[in-house]
1. Return the only residue of A:Ile352, A:Ile328, A:Ile346, A:Ile364 being over 18 Å from the mean Cα position of the chain (by Cα) and buried (at least 21 other Cβ atoms within 10 Å of the Cβ).
2. Can you confirm whether region A:190-197 contains a residue that is out of contact with any Pro (no Cβ under 7 Å at 6 or more places or on another chain), on the phi < 0 side of the Ramachandran plot and crowded, with 21+ Cβ neighbours inside 10 Å?
3. Just one of B:Ile24, B:Ile94 is modelled with pLDDT of 95 or more and facing chain A (nearest Cβ under 10 Å); which is it?
4. Just to be sure before I move on: is A:Val406 part of a helix (DSSP H, G or I) and surrounded by fewer than 18 Cβ atoms within 10 Å (Cβ to Cβ) in the structure I sent?
5. Just need a number here: residues in region B:105-135 that are surrounded by fewer than 16 Cβ atoms within 10 Å (Cβ to Cβ) and part of a helix (DSSP H, G or I).
6. Out of curiosity, is A:Thr62 within 14 Å of chain B (Cβ to nearest Cβ) and either in a helix (DSSP H, G or I) or at pLDDT 85 or above (or both)?
7. If I ask for residues that are more than 8 Å from every other protein chain (Cβ to nearest Cβ), surrounded by fewer than 19 Cβ atoms within 10 Å (Cβ to Cβ) and farther than 13 Å from A:Glu452 by Cα, which ones from region B:28-55 would you list?
8. Could you tell me which residue of region A:7-27 is nearest to A:Ala137 (Cα to Cα), considering only residues that are of a type in the set (A, V, I, L, M) and surrounded by 16 or more Cβ atoms within 10 Å (Cβ to Cβ)?
Amino acid sequence: MDFASLFSGLGIGFGVALDPINILFAFIGCLVGTLVGVLPGLGPTATIAILLPMTTSLSPVTGLITLAGIYYGAQYGGSTTSILLRLPGEASSVVTVLDGHGMTRKGRGGAALAIAAWGSFFAGTVGTLFIAVLGPAVSALVLKFGAPEYFMLMVLGLVASVVLAQGSVIRALAMVALGLLLGLVGTDPNSGQYRFTFGALELLNGIPFVPLVVGLFGIADILVALEKATKSEEEVRPAAIGSLWPTRQEARRAAPAAARGTLIGLILGLLPGGGALMSSFVAYSVEKRVSGKDGDFGNGDPAGVAAPEAANNAGAQTSFLPLLTLGIPSNAVMALMTGAMLLQGIVPGPKIMTNQPQLFWGLIVSMWIGNLMLLVINLPLVGVWVKMLKIRYTILYPIILIVSLVGIYSVDYSTFDVFLTALFGLLGYLLQRWRCEAAPLVLAVVLGPMMEEYFRRAMLIARGDAGIFVSRPLSLGLLVITLAMLASILAPNVRRFRSKAFQE
Amino acid sequence: MQHDTTYRPLGAACIALGLLAIWIASDYPYGSVTAMGPGFVPTAVAALLALLGALILLDGGKDLSRQPEGEEPASAPADSLGRLRAMLSIGVAIMLFGLAVKPLGLGLTVFLTVIVASLGHPGTRLLPTLLLAAALAVASCLIFVVLLSQSIPMLPRID
């Protein structure tokens, strides 16, 4: 790694990220992300999906910086509700509930929030540096990839996202197949043939991405929540927060845990499908093991807050690496980022770094700035976030619906897109009822067209001999890993781990 | 424990969709392995989907594992009236928005959409809903049209 280029890269990045407009939008992104993330039942994926359309009118760099801010904000919002109310906004903050709410019960909720924020900030800083150092090296390596390697890499990504994800593997595989099929809708780039367009001109460029994700995540969630709605809603009563300053003892307990959590998150965040969720779970169980009898887990041990929070933030950070260097999104949030890039006319991949250094480094540096903002803005605003929780669902869901609809409409001013949203909302609702995850589906929609392209190119090079995937060492290696992952589903240990990991 | 039967509609839907897609894709030139036509990959993927659908049915909700112990119970006894109410109000609200926004303008459309959508929740009360609808109508005009300068008409079109 040569440091001169690292520093010049970071220099470019700070130049972009410190531009007043970009700072302003990073700020707005973090703020709005937290605001929406705090709302019950809205995790980062839904938050980004709903707010995605509004960033399309911004310049590419600013738009992506805003989205990244929304992502961190939403994640932070999720931990706030876990700690104060036992309401994890999404799966990755489930473990935070155990000790975070434990601390709240002891009257140390404020300290738990501070520990989560500082731990996340530390992890975010390390994660940003990690990407800055590793990104260029990986990009250089990936430029040597040919079509077969790319194809295998995407297969690996999809399979890994299935194996590492929550719930039934076979259902997730079906979701991947459905997503691939949806991804093929539109004009075939090689022959100009229209496929699965049902005569709709609006579908010639493929299924519009924004209606797809808003329907699957935003509208479907509303339908599921409404189905369970009853006449009288329970009022949410957050517990007292207490001081925002951890005691010295708490800090001493949390600091090393945050460091270990960061390390775990950095590595697991790189895995497709895993990202934040796996990171926080593994970090928590490692912490339990390291502490042994010293720990007081489940009753408000600061280490049980610091480790998973640091881990999920580090994981969130490093999951950008496969996207920026390989052009392959590793989880649903990154699939949304890919969609946002494509809407802006940017093709993510190894060439971004050389062709658009402004974008690459600007985004990396703004990640760090985003983390800093969470710390500086959000912690003092905790009281405001708690008030948000008192909003009744009868008021909340019409707001979510309107923001989604106006956002979708403003992308293309298309009535068709609005109707499509209703359709995908229904699909998303059915999938939830049938215990299927929408995440692998969205991942496959994004990867589908690229996979077809690389597959066809590989077959062309090899003159139709599928042996090309085995005869090239890199591609063979990726194939072996993929098969091993598939086989591991059937191994009893892994199965036990999965069911344990996703029990809560 | 209630047995989870969601695999049945899911498996059937996967098979149906897969077969439908194969049938549609049969119109597209298949090509050869060396020079694939636009029909090759769609057919393969659709076949995979149908195959997985069949697997889901055969597997019978066990999800490839022998241990259904302590798995989450199937969703709570469904209140089909509540479900219908939610589906209808949200569905109609979205359609209404799509159809009305051009002729009626953003303000009025948002107002009406909020009211229709609010019918989906049994706890909705009249006055708060009207206030919310009015507030959102004004806010969405201000934010989207004035602030973000989207070219959506705010008021009804008078021809």
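The values are calculated or read from the model by the stated rules, or taken from the named source; none is laboratory data. All values derive from a computational prediction rather than experimental measurement. Ideal geometry is used to build each Cβ from the backbone, glycine not excepted, and the neighbour counts take in all protein chains shown.
1. Residue meeting the stated conditions: A:Ile352.
2. Within region A:190-197, not a single residue is out of contact with any Pro (no Cβ under 7 Å at 6 or more places or on another chain), on the phi < 0 side of the Ramachandran plot and crowded, with 21+ Cβ neighbours inside 10 Å.
3. Checking each option against the conditions leaves just B:Ile94.
4. Criteria not met by A:Val406.
5. Residues meeting the conditions: 7.
6. Against the criterion (within 14 Å of chain B (Cβ to nearest Cβ) and either in a helix (DSSP H, G or I) or at pLDDT 85 or above (or both)), A:Thr62 qualifies.
7. B:Tyr30, B:Gly31, B:Ala47, B:Leu51, B:Ala54, listed by residue number.
8. Of everything passing the filter in region A:7-27, A:Leu10 is nearest to A:Ala137 (Cα to Cα).
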